[in-house]
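Written below as structure tokens is the structure these notes are about.
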Amino acid sequence: MSEHLSHHLIYGTLTDYLTDEELTDTDDERLRQTIYRMMVEQKGYPKNELLPRTYIDTFFTHHFVRSTIDLTVRIRTLSLMIIRYGPGSLVSRERAAVAAARVIHPDYSIPLAVVTNGYDAELLDTMTGKIIGNGLDSIPDRAGSLLLLPTLTFHPKPKGKKLEREKRILNAFDLERCCI
């Protein structure tokens, strides 16, 4: 019998707020679900504009890494923002979130990224990498996103060496070292 060793406490299963999928119930997943509920109940996004758990797979220096984008926010078929959750410090997650937003969509770089630990958040401009908002209140609600949409620039997705550099950054930042 194969036993999965993890540093996460597992409480059983829970039902995903957005998709009704059965997921492993951990402290981290409970915080993700709180974020999903906040986006619908407080920020006003319909569930069909929120895409949970998309992935970017990378392989560099003999390390396969699956980077999770916890939530992609789409309005009018445009992906305008990603949200990445991680416990602890936000500053250590900024660069990977920017890299993910630049490469996840097949046609363009997603202009906004949020890093959050469930209690605090930073809103990032993915072209400059600069923080443009602090706190959970800085995450645009749907009405604000509709106003913001005409001002956002959807730059082409990086190509060639620039694309590889962003994927390398994502691979290095998201490599899980604690369990190796």
Out of 19, 58, 24, 13, sole residue that is among the polar types (S, T, N, Q) and either closer than 24 Å to residue 120 by Cα or modelled with pLDDT under 95 (or both): 24
Tally of residues being within 20 Å of residue 39 (Cβ to Cβ), out of contact with any helix residue (DSSP H, G or I) (no Cβ under 6 Å at 6 or more places or on another chain) and either in a helix (DSSP H, G or I) or not charged (D, E, K, R) (or both) across the range 76-93: 9
Identity of the residue in the range 28-56, among the hydrophobic types (A, V, I, L, M, F, W, C) and not in a strand (DSSP E or B), that ends up surrounded by the most Cβ atoms within 10 Å (Cβ to Cβ): 39
Residue match in the range 130-147 (condition: β-branched (Val, Ile, Thr), assigned to a strand (DSSP E or B) and either within 19 Å of the chain's Cα centre (by Cα) or within 24 Å of residue 34 (Cβ to Cβ) (or both)): yes
Matching entry among 172, 143 (being buried (at least 16 other Cβ atoms within 10 Å of the Cβ) and either small (Gly, Ala, Ser) or free of Cβ contacts under 8 Å to residues at least 40 places away in the same chain (or both)): 172
Residue tally, condition surrounded by fewer than 20 Cβ atoms within 10 Å (Cβ to Cβ) and either modelled with pLDDT under 95 or outside any strand (DSSP E or B) (or both), over the range 116-129: 7
Residue in the range 40-50 that is under 17 Å from residue 117 (Cα atoms) and out of contact with any Lys or Arg (no Cβ under 9 Å at 6 or more places or on another chain) present: no
Matching residues in the range 75-88 - criterion: being basic (Lys, Arg) and more than 13 Å from the chain's Cα centre (by Cα): 76
Total residues in the range 87-108, condition surrounded by 16 or more Cβ atoms within 10 Å (Cβ to Cβ), in contact (Cβ under 8 Å) with a residue 40 or more places away in the chain and either among the charged types (D, E, K, R) or within 20 Å of residue 28 (Cβ to Cβ) (or both): 5
Criterion (within 18 Å of residue 127 (Cα to Cα) and modelled with pLDDT under 95) met by exactly one of 91, 98, 73, 103: 91
Any hit, the range 71-85, residues being under 17 Å from residue 167 (Cα atoms) and either in contact with a Pro (Cβ under 9 Å, 6 or more places away or on another chain) or in contact (Cβ under 8 Å) with a residue 24 or more places away in the chain (or both): yes
Filtered residues of the range 148-161 (kept if surrounded by 12 or more Cβ atoms within 10 Å (Cβ to Cβ) and not in a helix (DSSP H, G or I)): 152, 154, 155, 157, 158
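The values are calculated or read from the model by the stated rules, or taken from the named source; none is laboratory data. Because the structure is predicted, anything quoted here is derived from the model rather than measured. Backbone-built Cβ (ideal geometry, glycine too); neighbour counts: all protein chains shown.
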